[in-house]
């Protein structure tokens, strides 16, 4: 059962931003300042720049495949179900841990007003957000917008009022532990930008995902990244290092410094809003990974259950909520480091997926947004993120290796038996080795996704193309030999003698050349009878000699029908002309692997469809 598209640009922006503005701002700066000193500002900047490389890759991949599960979905379609299982489970766990971290932070701030054990508060809040998400994404999305708008307003006020109070002497010893500590701290705070993955995970529920998702991701990273750096600059410049180092309430400490007790309370409220938004977004996003993996039969099918009334994956939501509640009892620093490391791995896989999909030349990979500066940005992202992982420390590397092993065992003992699918890496190997290892199911799946994404409604032209005869010719062809083959192919479907068809084609060509360019020709003729119309597709990589001006035509569309279908004849000519206007059409036509790929190229071509 597909999910409904309820989320607009504002919802997606707030989902991504709200997921980033929480522990990364209201807890981590104090812990990070203890490691890097005032240069923690650079740590956040480095983390943001590396996240940007992954974000741009995620934006492109998600516009090509806007499905639940986000990076898990396109990783599986790129590198196969084994890597996909590991990636999906790790990202699901990472987002769950980040959500648990947000709930811990929220509980700590709530404890300022309520004398209750913070773990009890965290479990209670987890239950509330789980129930809210189980009642529909629309309700959860509206709550997210309200939370983030209020939060951004409080952040701007903090920066404007706090900036005049900054003491530049606080930055005198900028890197007390050296620049190595600055880079290592960038890995520690990388979890702050995990909200970008959450956006990809709910892509199936986004309206007009081809435009909405890239805009939301770019705006959220830009705005939140700037606010992060400015707020940490203000905090470092107003709070003494001995107070700030290790503080679990750094922004509240800063507000108390230049706004007094009232300012501290205001920023504590802002922190609670931030943690609420992260917890809400985290449960919403993490559950979609379980949904996507269940659909692919890599984990239990029960997790793909969609509630008929609320249209959400309720089983996946409740399982995610239970794991988050259990994670509340883990050690805080380990929680952050493991979540950060797994997110870094997810960004590496996103950049690697982009490169593989580009180089594999999968025909039906058609993103609406294109990542700039390909391949340099994804390569830079892979190198930078890999270095960050090795700076995280041996204990975190061992923990991550253990999680990867668990993911591999899950695939080996469950997913390997249940699921088999085509993926882009096979297409890339086929290009390199000239051995076709792919089954063609990836192209078919991508075709279905494009039809859903672009809301393509099948018309008569599509139905004809679905069953049209196709000639895939080798060697240079003379026009006479080519027309003879067309006539013999169309004789049966048109119920007309091949000689009559051949004569009609020759006569029509003598009246005027049907080559509309040096590469494309559209021969067409009228036949006797009623209610008959056929379209034939032909490719000849070595070219067909239509005339002196068009001696190497590679793409031919033959239209043949009775006079009573004259209007549809003209509409078909218009449709083909629109499709052929694509600057990449001839290259794609020439590179198409087989007849199915040729057919898909026409079916997915951009044109105005008829009712």
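Just so you know, all these numbers are worked out from the coordinates, no wet-lab data involved. All figures in this text were calculated on a predicted structure; none of them were measured in a lab. Virtual Cβ from ideal backbone geometry, glycine too; neighbours counted across all protein chains shown.
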Distance from the range 276-308 to the range 494-562 (C-alpha centre basis), Å: 52
Cα-based helix-to-principal-axis angle, 314-327 vs the chain, degrees rounded to 10: 30
Ordering of 182-192, 65-75 by packing [mean C-beta count within 10 Å, highest first]: 65-75, 182-192
Where only alpha carbons of the range 514-570 are counted, the Rg and the Dmax (Å): 12.8, 36
Cα-based shape type of the range 222-278, given that a ≥ b ≥ c are square roots of the gyration tensor eigenvalues and the cut on a/c is 1.5: oblate
Helix 332-360 vs. the chain, principal-axis angle (Cα, 0 to 90°, nearest 10): 20
Rounded Å value of the spacing that divides the Cα centres of the range 355-378 and the range 595-610: 21
Mean Cβ count within 10 Å, highest first, over the residues of peptides 150-157, 555-562: 555-562, 150-157
Which label in (1) 94, 50, 44; (2) 109, 68, 45; (3) 72, 61, 49 gives the computed Cα extents along the principal axes in Å: (1)
Relative packing of peptides 228-241, 254-267 - highest average C-beta neighbours within 10 Å first: 228-241, 254-267
Computed Kirkwood radius, in angstrom, where 1/r is averaged over Cα pairs of the range 459-603: 15.2
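If you take the square roots of the eigenvalues of the alpha-carbon gyration tensor of the range 422-538 and sort them as a ≥ b ≥ c, do you get rounded (a/c under 1.5), prolate (a/b over b/c) or oblate?
Taking the square roots of the gyration eigenvalues as a ≥ b ≥ c, the range 422-538 is prolate.
Quick one: grab the alpha carbon gyration tensor of the range 222-367, order the square roots of its eigenvalues as a ≥ b ≥ c, and give me rounded if a/c is under 1.5, else prolate or oblate depending on whether a/b is larger than b/c.
Verdict is prolate for the range 222-367.
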Computed over the chain: relative contact order in percent, which uses C-alpha pairs under 8 Å that are six or more apart: 21
Tilt relative to the chain, helix 376-390 - C-alpha long axis, 0 to 90 degrees, to 10: 40
Contour excess over end-to-end distance, with Cα ends at residue 171 and residue 405 and 0.36 nm allotted per residue: 79.9 nm
q = 0.09, 0.11, 0.12, 0.18 Å⁻¹, the range 304-453: log10 I(q)/I(0) [Debye, one scatterer per Cα]: -0.45, -0.68, -0.81, -1.34
Within the range 336-374, backbone nitrogen closer than 15 Å to the virtual label 7 Å beyond the Cα of residue 431 toward Cβ: 352-367, 374
